[in-house]
1. Can you tell me which residue within region 188-233, out of those that are β-branched (Val, Ile, Thr) and in contact with a helix residue (DSSP H, G or I) (Cβ under 6 Å, 6 or more places away or on another chain), is farthest from residue 154 (Cα to Cα)?
2. For region 50-85, which residues satisfy the criterion of being part of a helix (DSSP H, G or I) and open to solvent by 30 Å² or more (accessible area, probe 1.4 Å)?
3. Does at least one position in region 107-125 carry a residue that is out of contact with any Leu (no Cβ under 9 Å at 6 or more places or on another chain), open to solvent by less than 70 Å² (accessible area, probe 1.4 Å), within 17 Å of residue 41 (Cα to Cα) and of a type in the set (A, V, I, L, M)?
4. Please tell me if residue 176 is open to solvent by 10 Å² or more (accessible area, probe 1.4 Å), small (Gly, Ala, Ser), under 17 Å from the mean Cα position of the chain (by Cα) and modelled with pLDDT of 95 or more.
5. Is it the case that some residue within region 32-40 is farther than 24 Å from residue 141 by Cβ, at pLDDT 95 or above, part of a loop (DSSP other than H, G, I, E, B) and open to solvent by 10 Å² or more (accessible area, probe 1.4 Å)?
6. Could you count how many residues in region 254-268 are surrounded by fewer than 19 Cβ atoms within 10 Å (Cβ to Cβ), in a loop (DSSP other than H, G, I, E, B) and of a type outside the set (S, T, N, Q)?
7. Return yes when residue 16 is over 23 Å from residue 151 (Cα atoms), basic (Lys, Arg) and open to solvent by 10 Å² or more (accessible area, probe 1.4 Å) and no when it is not.
8. So, of the residues in region 187-225 that are of a type in the set (Ser, Thr, Tyr) and farther than 25 Å from residue 45 by Cβ, which turns out to be surrounded by the most Cβ atoms within 10 Å (Cβ to Cβ)?
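The values are calculated or read from the model by the stated rules, or taken from the named source; none is laboratory data. As the structure is a prediction and not an experimental result, all values here were calculated from the model. Cβ coordinates were reconstructed from backbone atoms using ideal geometry, including for glycine residues, and neighbour counts include every protein chain displayed. Only protein heavy atoms, including side chains, enter the accessible area calculation; ligands, DNA and RNA are left aside. Shrake-Rupley method; radii C 1.70, N 1.55, O 1.52, S 1.80 Å.
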Amino acid sequence: MLFKKKIELSEKNGVKMINGSVQFQAVYLNVHCFEVDGILIDTGSASLLKQFKPFFEQMDVDQIMLTHYHEDHSGGAHFLQKTYNLPIFMHPINIEECAKKASYPLYRKLFWGARLPFLAQPVGDAFSSRTADWKVIETPGHTEDHVAYLNESTGQLFTGDLYVTPKTKVVLREESIPQIIRSLEKVLTYDFLEIYCNHAGYIENGREALMRKLHYLKELSYKIEMMNEEGLTTDEITAQLFNKKYPITKLSLGEWDAAHIVSSVLNK
């Protein structure tokens, strides 16, 4: 199998970013890490570690904050902890799981590599970096342990996988659209400007982007509920609302699928 990898480096408003991508045939996946005010937000994947090492070697950080446990966000944690002895913080739900050998489907290992165990500490509801105070906002939906980080001094919001794209078309089996809606509503009660998404990168009008996504998901949920009341099945609703087939659905053997959007709305 031929996997193409590349990285892009950028900086915006004091935030240094590295974006790594992995492509196999028609499937393209990417992930960002962010360095800001002495912290590293997420660590990339084990498969991109070689490409990310020069970035890690030049960074100046005291601690690592993870938005959630997924291997594309935590795959570099073992290396960073072992090499630089950096403390790692995350939501407590999956700390125990991350201390063990990772278990996830083969296609994810092919793209993101095998995450090695690491030791993390529970993040509270707030923390301090070198010059700023931060809010930790629980934002479940993509995963149960998902959090966003808000720099209260700058108004910069680091959203992990809460945003990703304005119009969600496929999700993981474990995701919950109703939870994501509630998490979007929650973060929108905070005072922030720009957002830094681990897949979309820097978004200047972050509040507007999150509001558009919230409106889309609410409207989509309403359509799904109305179609279900009319007697349509999950498969029929999926076929009508999501007629495009995405390569990731076939590659993941259905772990990524539009049908999970429909079922999560109906099973809320």
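1. 224
2. 50, 51, 53, 54, 57, 58, 78, 79, 81, 82, 83, 84
3. The answer is no; no qualifying residue exists.
4. In short, yes.
5. Yes - at least one qualifying residue is present in region 32-40.
6. Qualifying residue count for the region: 3.
7. For residue 16, the condition - over 23 Å from residue 151 (Cα atoms), basic (Lys, Arg) and open to solvent by 10 Å² or more (accessible area, probe 1.4 Å) - is not met.
8. Ranking the candidates gives 221 first.
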